[in-house]
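K.L.:
Before anything else, here's the structure in question.
The values are calculated or read from the model by the stated rules, or taken from the named source; none is laboratory data. Because the structure is a prediction, the values reported are computed rather than measured. Here the Cβ positions follow ideal geometry from the backbone for every residue, glycine too, while neighbour counts run over all protein chains shown.
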Amino acid sequence: MSKPGDQRTLRGRVAVVGIGETDYYRHGASPDPEFKLALKAILAACKDAGLDPRDIDGFSSYSDDRNDASRLAAALGTHRLRTATMQWGGGGGGCCAAVANAAASIVAGLADCVVVFRALAQGQYGRFGQVSGVETISGEKAYLMPYGVLAPPQRFAMKVQRYMYEHGVSQDAQRAIALASYHHAQANPRAVMHGKPLDREKYDASRWIVEPFHLYDCCMENDGAAALVLVAEERAREFRQKPVFLLGAAIGSGHRSGAIPHNAPHYASAGFDTVAPDLYRMAGLGPCDVGTVQAYENFTGGVVMALAEHGFFEPEQANDFLTLENLIAPSGRLPLNTSGGNLAECYMHGFELVIEAVRQVRGTSTSQGRRNDVAMVIGGPMVTPASNLLLGSEAAL
Amino acid sequence: MSGREMPNHLPEGLPIPVPELDGLSAPYWNGLRENRLLVQRCSHCDAWQFGPEWICNACHAFDPAWTEIEPCGRIFSWERVWHSSHATLRQHLPYVAVLVEIPHAGSVRMVGNLLGDPLQAVTIGTAVEGCFEHHPGSSPPYSLLQWRVSSPRE
Ligand SMILES: [Zn+2]
């Protein structure tokens with residue numbers, strides 16, 4: 001059965017043994033500086049695992065996280081540092097890649113116990129949705145910013161508009177995604193939007209941010225941190241929690257996806273046309289095996305595209321598939337963003353989605369899907385590089 | 001929206017485009033100041049390229065040549081912005097940004113504003129023509145390329 005090529009996989013080789021996060025705050029509301037948030041999330045993940053934080057020997061993050069691996073290692077007094085990995089570019093598109101990079105370090109024998117994390121206090125370092133203090137600009141943004149295409153809502157709306165045009169996707173499909181996130185957030189006491197339900201009428205009455213995005217199609221801006229602990233499969237059962245195994249991971253984008261400004265040949269795309277097949281190939285699974293999906297919502301339109309590119313439906317079927325009923329736990333066909341995600345739990349730059357997928361496999365989500373053997377995470381639609389993960393229980397190996 | 005001479009020109013105060021320190025896009029920005037639209041076209045393989053790069057992505061010849069093209073095309077996608085992401089735009093909402101495809105230049109695309117009524121219906125595929133918008137009093141001075149719907153003709 002075993003061929004040399006089979007060795008080049010992450011499938012079943014590493015497990016998540018601890019997860020942790022800080023309280024989640026509206027931007028500007030964190031009482032703690034960002035570095036302290038990072039430390040709190042990491043310590044919470046170690047505590048969850050029953051691990052001495054001094055035994056961490058690597059850190060992995062993405063999107064130029066400011067909380068440097070060496071500073072963390074010094075602050076925590078780790079015995080040694082053996083890997084420090086930063087995923088290039090892609091904003092939230094790195095949330096799964098950071099896990100994959102940590103896993104690769106462990107499988108390759110560079111490190112044994114790697115923390116993957118994201119800490120982000122937009123209230124302290126600037127909101128993603130606002131631009132100020134920029135006098136001159138070069139490169140990609142020079143072709144956009146002088147025309148008022150400044151922040152992510154304006155940068156992504158034209159891509160979604162084109163996709164809706166090419167495939168006949170309606171506003172209702174986007175609305176269903178927003179409603180599902182808010183529905184799940186009502187069961188999740190960690191969620192910033194807990195206690196603030198959203199219904200169809202409220203969505204329809206909400207203002208446009210940029211057509212085709214209503215207010216509720218757009219992610220929040222928050223302060224917080226989230227972390228997980230990854231170890232080799234051989235050690236996975238030594239810890240306090242039920243281990244959650246990595247079944248597959250993939251990173252990247254298709255041909256010239258990074259051609260600026262807005263010149264990618266396959267423009268109306270979330271960027272998973274090459275990445276999704278890689279993920280399924282590594283895991284040896286297909287869309288019908290997936291119990292729940294956490295799909296990064298910078299904007300709901302990106303989720304429509306990402307789910308289609310992962311084979312859950314054809315783009316032309318999006319309007320039929322994407323209904324609230326189909327997207328909610330436990331009974332929906334494909335429970336989506338079961339913690340509330342970037343729209344309604346916390347914009348932890350997608351790392352809250354990774355943590356939620358671990359909870360689904362453990363069976364401890366506040367909106368548990370019917371099937372918890374295989375959970376998917378999709379990171380960062382419409383950016384490059386994007387990334388994704390499949391996590392699963394021991395039974396799924 | 002009457003009374004303003006060119007209602008969709010955005011106010012001064014937005015980030016000013018300047019070439020990179022290595023000068024990669026300088027021919028493009030300098031061209032706009034002279035009412036000329038320049039994009040790259042490789043002299044080895046004839047591939048069009050925009051935004052600019054130091055190499056032709058098709059054949060790997062360095063320093064693709066700059067070629068002047070007619071500033072006209074069709075709307076490939078669009079958006080109408082209702083929420084400002086910059087203080088200078090708060091009193092200038094909504095405005096429309098378009099992504100224009102230029103079929104006679106390898107279908108390269110560029111972003112600009114659609115001039116005219118900001119509430120106008122916008123249709124993908126509509127023919128548009130470019131208008132050079134100069135900001136000579138700015139420091140440093142710069143020019144943009146804006147778009148308006150072409151006069152109807154068969
Ligand atoms: Zn060439």
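K.L.:
Could you list, ordered by first residue, the pairs with Cβ atoms under 8 Å in which the first is in the range B:29-47 and more than 9 Å from B:Glu68 (Cα to Cα) and the second is away from the ligand (no atom under 16 Å from the Cβ) and part of a loop (DSSP other than H, G, I, E, B), at least 6 apart or interchain?
P.N.:
Between residues of the range B:29-47 that are more than 9 Å from B:Glu68 (Cα to Cα) and residues that are away from the ligand (no atom under 16 Å from the Cβ) and part of a loop (DSSP other than H, G, I, E, B), the close pairs are B:Trp29/B:Val18; B:Trp29/B:Pro19; B:Arg33/B:Pro141.
Here is a yes/no grid of residues against (1) touching a Phe, Trp or Tyr at 6+ places or on another chain (Cβ under 8 Å); (2) farther than 20 Å from A:Arg240 by Cα:
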position: A:Ala38; (1), (2): yes, yes
position: A:Lys47; (1), (2): no, no
position: A:Asp57; (1), (2): no, no
position: A:Val99; (1), (2): no, yes
position: A:Ala108; (1), (2): no, yes
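K.L.:
Would the range A:33-47 turn up any residue that is out of contact with any Cys (no Cβ under 8 Å at 6 or more places or on another chain), assigned to a strand (DSSP E or B) and not hydroxyl-bearing (Ser, Thr, Tyr)?
P.N.:
Narrowing the range A:33-47 to residues out of contact with any Cys (no Cβ under 8 Å at 6 or more places or on another chain): A:33-47.
Cutting the leftovers down to assigned to a strand (DSSP E or B) gives us none.
No; the residues of the range A:33-47 include none that is out of contact with any Cys (no Cβ under 8 Å at 6 or more places or on another chain), assigned to a strand (DSSP E or B) and not hydroxyl-bearing (Ser, Thr, Tyr).
Listed here are the residues, each with its yes/no results for (1) modelled with pLDDT of 95 or more; (2) in contact with a helix residue (DSSP H, G or I) (Cβ under 7 Å, 6 or more places away or on another chain); (3) more than 14 Å from chain B (Cβ to nearest Cβ); (4) surrounded by fewer than 19 Cβ atoms within 10 Å (Cβ to Cβ).
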site	(1), (2), (3), (4)
A:Gly284	yes, no, yes, yes
A:Val290	yes, no, yes, no
A:Ala295	yes, yes, yes, no
A:Thr300	yes, yes, yes, no
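K.L.:
Let me confirm something: among B:Arg109, B:Arg90, which residue is touching an Asp or Glu at 6+ places or on another chain (Cβ under 9 Å) and away from the ligand (no atom under 16 Å from the Cβ)?
P.N.:
Values: B:Arg90 fails: touching an Asp or Glu at 6+ places or on another chain (Cβ under 9 Å).
Answer to the check: B:Arg109.
K.L.:
Could you say whether any residue in the range A:19-31 is assigned to a helix (DSSP H, G or I) and either farther than 17 Å from A:Asp112 by Cα or polar (S, T, N, Q) (or both)? Can you show your working first?
P.N.:
Pass one, the range A:19-31, residues assigned to a helix (DSSP H, G or I): none.
Taking every residue of the range A:19-31 in turn, none turns out to be assigned to a helix (DSSP H, G or I) and either farther than 17 Å from A:Asp112 by Cα or polar (S, T, N, Q) (or both).
K.L.:
Here is a list: A:Ala236, A:Ala249, A:Ala227. Which entry is in contact with a Phe, Trp or Tyr (Cβ under 8 Å, 6 or more places away or on another chain), within 25 Å of A:Ser61 (Cα to Cα), more than 14 Å from chain B (Cβ to nearest Cβ) and part of a strand (DSSP E or B)? Before the answer, list the steps.
P.N.:
On the way: A:Ala236 fails: part of a strand (DSSP E or B); A:Ala249 fails: in contact with a Phe, Trp or Tyr (Cβ under 8 Å, 6 or more places away or on another chain).
The conditions single out A:Ala227.
K.L.:
I'd like the full set of residues that are touching a residue at least 24 places away in the same chain (Cβ under 8 Å) and more than 16 Å from A:His266 (Cβ to Cβ), limited to the range A:381-397. Give the derivation first.
P.N.:
As a first pass, look at the range A:381-397 and keep what is touching a residue at least 24 places away in the same chain (Cβ under 8 Å): A:381-394, A:396-397.
A:Ser387, A:Asn388, A:Leu389, A:Leu390, A:Leu391, A:Gly392, A:Ser393, A:Glu394, A:Ala396, A:Leu397 - these are the residues of the range A:381-397 that are touching a residue at least 24 places away in the same chain (Cβ under 8 Å) and more than 16 Å from A:His266 (Cβ to Cβ).
K.L.:
B:Ile102 fails exactly one of the following numbered conditions: (1) within 13 Å of chain A (Cβ to nearest Cβ); (2) of a type outside the set (Gly, Ala, Ser); (3) within 16 Å of the ligand (Cβ to nearest atom); (4) buried (at least 16 other Cβ atoms within 10 Å of the Cβ). What is the number of that condition?
P.N.:
Of everything listed in (1) within 13 Å of chain A (Cβ to nearest Cβ); (2) of a type outside the set (Gly, Ala, Ser); (3) within 16 Å of the ligand (Cβ to nearest atom); (4) buried (at least 16 other Cβ atoms within 10 Å of the Cβ), B:Ile102 misses just condition (3).
K.L.:
Kindly evaluate A:Phe59 against the criterion of being surrounded by fewer than 23 Cβ atoms within 10 Å (Cβ to Cβ), aromatic (Phe, Trp, Tyr) and not in a loop (DSSP other than H, G, I, E, B). Break it down stepwise before answering.
P.N.:
Details: surrounded by fewer than 23 Cβ atoms within 10 Å (Cβ to Cβ): no; aromatic (Phe, Trp, Tyr): yes; not in a loop (DSSP other than H, G, I, E, B): yes.
Criteria not met by A:Phe59.
K.L.:
Please determine, by comparing only the residues of the range A:124-139 that are at the interface with chain B (Cβ under 7 Å from one of its Cβ atoms) and hydroxyl-bearing (Ser, Thr, Tyr), which one is surrounded by the most Cβ atoms within 10 Å (Cβ to Cβ). Before the answer, list the steps.
P.N.:
Residues of the range A:124-139 that are at the interface with chain B (Cβ under 7 Å from one of its Cβ atoms), as a first pass: A:129-132, A:134-139.
Then keep just the ones that are hydroxyl-bearing (Ser, Thr, Tyr); that gives A:132, A:136, A:138.
Working: A:Ser132: 10, A:Thr136: 14, A:Ser138: 17.
Per the criteria, the residue is A:Ser138.
K.L.:
Test A:Gly363 against the stated conditions and say whether it is touching a Pro at 6+ places or on another chain (Cβ under 7 Å), surrounded by fewer than 23 Cβ atoms within 10 Å (Cβ to Cβ) and more than 23 Å from A:Pro197 (Cα to Cα). Quick ask: steps written out before the conclusion?
P.N.:
Details: touching a Pro at 6+ places or on another chain (Cβ under 7 Å): no; surrounded by fewer than 23 Cβ atoms within 10 Å (Cβ to Cβ): yes; more than 23 Å from A:Pro197 (Cα to Cα): yes.
The answer is no for A:Gly363.
K.L.:
Still on this model: Name the residue that is farthest from the ligand (Cβ to nearest atom), counting only residues in the range B:57-81 that are without any contact (Cβ under 8 Å) to a residue 24 or more places away in the chain and either within 16 Å of the chain's Cα centre (by Cα) or closer than 16 Å to B:Ser107 by Cβ (or both). Don't jump to the end; show me each part of the working.
P.N.:
To start, the set of residues in the range B:57-81 that are without any contact (Cβ under 8 Å) to a residue 24 or more places away in the chain comprises B:57-63, B:79, B:81.
From what's left, either within 16 Å of the chain's Cα centre (by Cα) or closer than 16 Å to B:Ser107 by Cβ (or both): B:57-58, B:79.
Working: B:Asn57: 8, B:Ala58: 5, B:Glu79: 32 Å.
That would be B:Glu79.
K.L.:
Testing A:Lys202 on (1) away from chain B (no Cβ under 14 Å); (2) more than 22 Å from the chain's Cα centre (by Cα); (3) in contact (Cβ under 8 Å) with a residue 24 or more places away in the chain, one condition comes back false. Which one is that?
P.N.:
That leaves (3) as the condition not met.
K.L.:
Same structure again: Which is farther than 23 Å from B:Trp48 by Cβ and either more than 12 Å from every other protein chain (Cβ to nearest Cβ) or in contact with a Leu (Cβ under 6 Å, 6 or more places away or on another chain) (or both), of B:Gly130, B:Gly112, B:Gly137? Even if it seems obvious, please write down each step before you answer.
P.N.:
On the way: B:Gly130 fails: farther than 23 Å from B:Trp48 by Cβ; B:Gly112 fails: farther than 23 Å from B:Trp48 by Cβ.
Just a single option satisfies the conditions, and that option is B:Gly137.
K.L.:
For the range A:135-164, give me each residue that is part of a helix (DSSP H, G or I), among the hydroxyl-bearing types (Ser, Thr, Tyr) and free of Cβ contacts under 8 Å to residues at least 40 places away in the same chain.
P.N.:
If we filter the range A:135-164 for residues that are part of a helix (DSSP H, G or I), which is where we start, we get A:139-143, A:145-147, A:152-164.
Next, from what is left, pick out any that are among the hydroxyl-bearing types (Ser, Thr, Tyr): A:143, A:147, A:163.
If the condition is that a residue be part of a helix (DSSP H, G or I), among the hydroxyl-bearing types (Ser, Thr, Tyr) and free of Cβ contacts under 8 Å to residues at least 40 places away in the same chain, then A:Tyr147 is the only one that fits.
K.L.:
Continuing with this model, one more query. Residue pairs, Cβ under 8 Å, 6 or more apart or interchain, first in the range A:62-91 and on the phi > 0 side of the Ramachandran plot, second assigned to a loop (DSSP other than H, G, I, E, B) and of a type in the set (A, V, I, L, M). List them.
P.N.:
A:Gly89/A:Val383; A:Gly90/A:Val383; A:Gly91/A:Val383
K.L.:
Would you check if there is a residue in the range A:74-85 being at pLDDT 95 or above and under 21 Å from A:Asn298 (Cβ atoms)?
P.N.:
No, because not a single residue in the range A:74-85 is at pLDDT 95 or above and under 21 Å from A:Asn298 (Cβ atoms).
K.L.:
Only one of A:Ala157, A:Ala142, A:Ala102 is crowded, with 23+ Cβ neighbours inside 10 Å and away from every other protein chain (no Cβ under 13 Å). Can you tell me which? Lay out the reasoning, then the answer.
P.N.:
Working: A:Ala157 fails: away from every other protein chain (no Cβ under 13 Å); A:Ala142 fails: away from every other protein chain (no Cβ under 13 Å).
The conditions single out A:Ala102.
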